[in-house]
1. Every residue in region 58-102 that is part of a helix (DSSP H, G or I) and either buried (at least 16 other Cβ atoms within 10 Å of the Cβ) or in contact with a helix residue (DSSP H, G or I) (Cβ under 8 Å, 6 or more places away or on another chain) (or both), please.
2. Anything in region 20-31 that is part of a helix (DSSP H, G or I) and surrounded by fewer than 14 Cβ atoms within 10 Å (Cβ to Cβ)? List them, or say none.
3. On the given criteria, is residue 27 more than 15 Å from residue 120 (Cα to Cα) and of a type outside the set (Lys, Arg)?
4. Can you confirm whether region 144-165 contains a residue that is out of contact with any strand residue (DSSP E or B) (no Cβ under 6 Å at 6 or more places or on another chain), polar (S, T, N, Q) and either surrounded by 11 or more Cβ atoms within 10 Å (Cβ to Cβ) or assigned to a strand (DSSP E or B) (or both)?
5. Counting just the residues of region 34-48 that are over 22 Å from residue 17 (Cα atoms) and touching a strand residue (DSSP E or B) at 6+ places or on another chain (Cβ under 9 Å), which one comes out surrounded by the fewest Cβ atoms within 10 Å (Cβ to Cβ)?
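Only the coordinates and a few stated rules stand behind these numbers; no lab work does. Since this is a predicted model, take the numbers as computed values, not measurements. Here Cβ is always computed from backbone atoms with ideal geometry, including for glycine, and neighbour counts include all displayed protein chains.
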Amino acid sequence: MREWLLVDGYNVLNSWQEFKQLRVENLEHARELLLAKTSEYGAFKGLNVVLVFDATDAQGMAHEERRGGICVVFTSEGETADTWIEKKTYELVRAGERVFVVTSDYAQQIFVLGAGAYRISAREFREEYQSARKKIQERGRKEMEGKARNEVGSRLNEDVLDKLELLRRKK
């Protein structure tokens with residue numbers, strides 16, 4: 001079973017404080033920054049990520065592209081991100097996939113739960129992202145320290161280190 005993370009892009013951009021001024025000054029840059037953050041989070045957690053943006057005021061067909069290891073969707077004219085996410089959630093859950101939806105929209109959260117998926121509010125997603133980011137930085141720091149000191153222990157995963165430590169203490 002694969003795990004999916006469907007993100008309502010504008011919902012997150014409108015909820016996170018760090019995007020507040022940026023989205024007013026340069027919406028494209030704000031979208032790119034969100035794409036980078038969701039891509040990093042998805043890679044760290046091993047999730048298939050779909051970042052969805054409304055195109056209700058735009059003309060034309062839906063547009064999907066792969067960028068930064070994730071799928072970015074701009075909905076078709078007149079279609080909301082909520083509608084697109086609801087359809088995709090239903091489709092994935094029925095196919096036996098595990099789905100997490102990031103939105104603070106109450107009505108969409110109710111739909112997501114009713115469809116058998118998991119909901120994550122924009123605030124909760126921000127906290128999850130920051131926690132993952134700290135773990136990524138810590139892992140990178142440990143790797144750099146290990147390379148500088150050239151110790152074998154710094155290149156082993158923690159389970160192996162724990163088992164070796166138990167053996168060492170047994171004598």
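1. The answer is 81, 82, 83, 84, 85, 86, 88, 89, 90, 92, 93.
2. 20, 21, 24, 25, 28, 29
3. yes
4. yes
5. Among them, the one singled out is 46.
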